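Heads up: the structure comes next, in structure tokens.
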Amino acid sequence: MATIEDFKKLELKVAVIKEVTEHPNADRLFIITLDLGDRTKQVVAGIRASYQKEQLIGRQVVVVDNLEPAILRGVESQGMILAASDDNGISVVSADRAMKPGSIVK
């Protein structure tokens, strides 16, 4: 079981999706450029089956900002976009109103 101290280690922030490209080596992955206000970050996300690129551009999402970078099918991912999934597919997590990029999620 996770403690509140474990949860506090995660840096969850609001980010704006600026660019989306298809991963060259994986049919289910997008390479996404995020605006975190003070910098940009690249993540690889397995949401391609649920979203078209055009649906994601400009959208605000919640991202784990301090996740250790990982190489996914040859491309570096510098964080993780939070998403929920059920029998109908995947839904990215976002705030219910426009937030400043980089805003902290608590």
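Every read-out reported here was derived from the displayed coordinates using simple, explicitly stated rules and does not represent laboratory data. Given the structure is predicted, the values throughout are model-derived calculations rather than measurements. Using ideal geometry, Cβ is built from the backbone for each residue, glycine included, and neighbour counts are taken over all protein chains shown.
When the residues of the stretch 2-34 are filtered to those that are surrounded by fewer than 12 Cβ atoms within 10 Å (Cβ to Cβ) and of a type in the set (Asp, Glu), which remaining residue is farthest from Leu67 (Cα to Cα)?
Only one residue fits best here, namely Asp27.
For Glu22, state whether it is touching a residue at least 60 places away in the same chain (Cβ under 8 Å), over 12 Å from the mean Cα position of the chain (by Cα) and at negative phi.
Details: touching a residue at least 60 places away in the same chain (Cβ under 8 Å): no; over 12 Å from the mean Cα position of the chain (by Cα): yes; at negative phi: yes.
Here the answer is no, as Glu22 does not meet what is asked.
Have a look at Gly102, Gly46 and point out the one that is touching a strand residue (DSSP E or B) at 6+ places or on another chain (Cβ under 9 Å), closer than 11 Å to Ala15 by Cα and small (Gly, Ala, Ser).
Details: Gly46 fails: closer than 11 Å to Ala15 by Cα.
Of the residues listed, the single one that is touching a strand residue (DSSP E or B) at 6+ places or on another chain (Cβ under 9 Å), closer than 11 Å to Ala15 by Cα and small (Gly, Ala, Ser) is Gly102.
Mind counting the residues in the stretch 35-65 that are more than 19 Å from Met99 (Cα to Cα), surrounded by 15 or more Cβ atoms within 10 Å (Cβ to Cβ), more than 10 Å from the chain's Cα centre (by Cα) and among the polar types (S, T, N, Q)?
1
I'd like the residue in the stretch 1-24 that is of a type outside the set (Val, Ile, Thr) and in contact with a Phe, Trp or Tyr (Cβ under 7 Å, 6 or more places away or on another chain) and, out of all such residues, is farthest from Ser77 (Cα to Cα).
Filtering the stretch 1-24 down to residues of a type outside the set (Val, Ile, Thr) leaves 1-2, 5-13, 15, 18-19, 22-24.
Checking the rest, the ones that are also in contact with a Phe, Trp or Tyr (Cβ under 7 Å, 6 or more places away or on another chain) come to 22-23.
Working: Glu22: 14, His23: 11 Å.
Going through the qualifying residues, I end up with Glu22.
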